[in-house]
Every structure is written in structure tokens, then in C-alpha cells.
1. What's the exposure ranking of LEU148, LEU76, LEU344, going from fewest to most Cβ atoms within 10 Å?
2. Compare the Cα positions of GLY207, TYR255, GLY231 along the charge dipole of the stretch 203-267 (+1 at Cβ of Lys, Arg; -1 at Cβ of Asp, Glu; about the Cα centre) and return the one farthest towards the positive end.
3. Using alpha-carbon pairs under 8 Å, 6+ residues apart, how would you state the relative contact order of the stretch 356-437 in percent?
4. Which of these, ALA114, ALA400, ALA263, has the largest mean-square fluctuation under a Gaussian network model of the chain (Cα springs below 10 Å)?
5. For the stretch 220-235 and the stretch 175-214, what is the separation of their C-alpha centers, rounded to whole Å?
6. Does the stretch 361-437 come out rounded, prolate or oblate, given a ≥ b ≥ c as the square roots of the eigenvalues of its C-alpha gyration tensor, rounded meaning a/c under 1.5 and, failing that, prolate meaning a/b above b/c?
7. At 7 Å along the Cα-to-beta-carbon direction for both LYS138 and GLN311, put a label point, then send me their distance in nm to one decimal.
8. If you line up the long axis of helix 83-94 against the longest principal axis of the chain, both from Cα atoms, how many degrees apart are they, to the nearest 10?
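Computed from the coordinates by the stated procedures, all read-outs in this text should not be read as laboratory data. Since this is a predicted model, take the numbers as computed values, not measurements. We place every Cβ from the backbone using ideal geometry, glycine too, and count neighbours over all the protein chains shown.
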Amino acid sequence: KITKVHAREIYDSRGNPTLEVELTTPDGTFRADVPSGASTGDKEAHELRDGGARLSGKGVAKAVTNVIDVIGPAILGQDAIDIASLDAQLCALDGTTDKSKLGANAILGVSMAACRAGAAAAGEPLYVFLNRLAGSPKMVMPMPCFNLVNGGVHAGNALPFQEFFACPTGASTFREAMQMGAETYHALKALLKEQHGLDSTGVGDEGGFAPKLSSPEDALKLIVSAVERAGLTGKVTLGCDPAASEMYDKDRGVYNLDFKKPAAEQQPENIMKGDDLVAYWVEMAGKYPLTLLEDPFDQSDFESHAKLTAQIGGNVEIVGDDIFCTNVQLVKEGIERRATNAMLLKVNQIGTVTEAIAAYKLCVEHEWGVFVSHRSGETEDTFIADLTVALGAGHLKSGAPCRSERLAKYNQLLRIEEELGADAQYAGTDFRKSGRF
Ligand code: PGA
Ligand code: ZN
């Protein structure tokens, strides 16, 4: 039974305010922190911010009040274990389709904290509780995709693409995958220092390096060299999330790979139509050991997505983030149009754990991959680590092996692997078999 509902404004990894919820039951007090994105999809559930002058309008005092004064009285005395009914009640209490009345941040904080309370009531770890909530798929240790080079809106360099991943497909345990990630990260740091000077080793929002590069191919080549230097060639593959909605020029209907450069420095060959960008990705997939590509086109460009998936989807997992926003309706459309072959799962894009699991289930039914993700604005909360194992999603991204809000998730996964003992299976090369291990 829920005996107290509390919330407070805390700060995320970018120094922006975010929401923390605390739910008290006879088993204790259970906490959840809500993350926040920078390259958000247009159709994400509404993150309620105060506006006005305080904290540049980013305060979450209204969301805090909504948890304490509106949600609290409505759920007090209830059984925290029935997450499906609780989430349905939260959605009904809000009453809007995008959770703009109470705020998706307010609702998600309660939903996640309730899962922790439910796990405690059942006397089991969070991942076991979430696994049952998802219909008990086989639990699997995910392949961690390390975002080693930061660009796009996550870094102050001219790199147009947001994330460049090192993916330890060839590890045999999660612990070994972490070691490969850390070794590649340090090899990359040494390379950057040698080739671009010490001031190129500063990091971006997700802990990856943010060197003064502007060519995405230079970033890919650097990671290939770092993998080689770490002696891991063949065991660590590459991934990329260009977050292409950020470089899409709606008015001209073109992708501007020089969008971070002053107008006078923008080159005509870096202004691409959808078909040019399809050809570009096909070329990159041929030249580099690319196994995962997320948001290669704008969130409205289903057509280019489908063309690319038809061409390289066999070898490369094509993941939809902004295009789907962890939303069942949008994923349905994506499946019908064969837009991608995988979905990015971010709990705060949709606002309840139940709805995120529903989107996951739809993907599993259609043999799509599910790639679990943090946000660029994070906290020390480790919920997604447990969720990824619980869903048998096979892969997750939580940034570079750098900055503790990123490592908090990876370190939690090390603990879970230890707890699972001999039962722990690492996804590795099978990372696309989400929910079907
Ligand atoms: P965001 O970035 O959290 O800033 O949206 C992550 C992503 O695009 O995958
Ligand atoms: Zn993305």
C-alpha cells in the first residue's frame, strides 16, 4: 500500500532541473529520477517545465506540485504492485494524449518509483519484477553501445552526427564487454592526444570525446583505429546515431551536414537530398564495420528510412528513435511502412513503464530489435539497466564509459550479471534478437 507520495526538484547531468519522485510503502521509500533529452522527437510525451525567468524557464516546480497535490491524493492507499492499473490511472488522471496536463515527467517518476515499490513488496530485484511485468521473456545481459565520440547538439564541435558507438559484439560476457569499451575509450584518448592535441580530449554530454572534427568519416576512422590499438579488431563493431532530424532543413527539404558551421563555410556537397543520404549510408556501411544505425533520416522521412532498410537492413540494424518516440501508434505505422527494423526505447518519450513495455511487445511480435536508451540529460538513476535485462532487449546505450551518470547504468549491469551467475547470457552478436532469445 502506498502511504506517501513526495517529489522534489533535483539537477541532471547538464545542470538542468529535473524531477525526483519518492513513493513510500510499508516496505520503505522508493525513489526514481526522470531523465531529459536535447534532440527530442516532435511527438514525445510532454515534459512539463515552468517557463518564466527562473532557471531559464526549465524549472519543474509545477510537475513537483502535480505529483504531490494531484497524483498523490489519487493513488494514496493503493497497491503499488499493480503497475498496469496504476499507469492506466495516471494516464486517465492526466486525460491528454501527450500527458501535457500533469507532465510526462511527473507521471513517469511515479510509474518508475512504483515499480521499485512493487519489486520490494514481492521481495525480488527490480529486473525480476520488470521481467514478469513484460510477460517473462528470457533475461539477457545486453551489449553496451559506447558513445565514444559526441557531436550534433550534444557537443560544441562542428561534427554534424550526434553519436558514434563502439559495440563489443565479440565479447562473451557483459564484464568483458565493459573492459573492451574502457580499453577502446582509453586507446581513443591516446590517439586524439597524439593526432589532435590535448585539448581534443574534452568530453561532450554523454561522456564521449568531442574533438574539433567536422567530418563524420574522420570520427569513424578514429574509432576503427582505437579498436585496432586496443587489439580488438573484429570484436568491436561500429554504430552511429546522427540524430538526423537535427540536420534536416524542413523548408528546403534537405539534410545539411554543415548545419553547425557558419553559412559562409557550408559546402554544397554536404547539403543532401534524402536519396543522396541513402547512398551515403550505403557507402558508409560498405566501408566501415557498421552494425547499428539510428535515426539516419528526419522523423518525418519514412520513405528514405524504408529505402535504406531495404538495402542494408540485413547487415545493419536500423533503429528508429525520433520517428517512433516509443509510441505504439507510431511504431505500428513504421512496421506497416517497413521504415526500420528496430525501435529505440526511452521510457520518458512515452511517460509510463506500461506503455514502453507495450511498444517493446509490438516490436518483439514483428521481430524488430529493441534498443534501450538513456537520455543526454541523465541522473544517477539506474532503472534502464534493470529494464534492459528484464526485457531481454539485447542491447542498450548509456554513453561512454565516462561520467558517473553514464557508468551508474553500466555498473548496475555488472552487479546484475554477477547476481545472475551461471544463468547470465550475454547477447553479443545476437543483439538484434530482442525478446526472442
Ligand atoms: P537525447 O539524445 O537524449 O538528447 O534525445 C539521445 C538520442 O538521440 O538518442
Ligand atoms: Zn537517437
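1. By the 10 Å Cβ count, ascending: LEU76, LEU344, LEU148.
2. Value computed over the given set: GLY231.
3. So the answer I get is 38 percent.
4. Maximum among the listed residues: ALA263.
5. If we compute the Cα centre of each part, the gap is 12 Å.
6. Judged from the Cα gyration tensor, the stretch 361-437 comes out oblate (a/c at least 1.5, b/c at or above a/b).
7. About 3.4 nm, to one decimal.
8. Between helix and principal axis, roughly 90 degrees.
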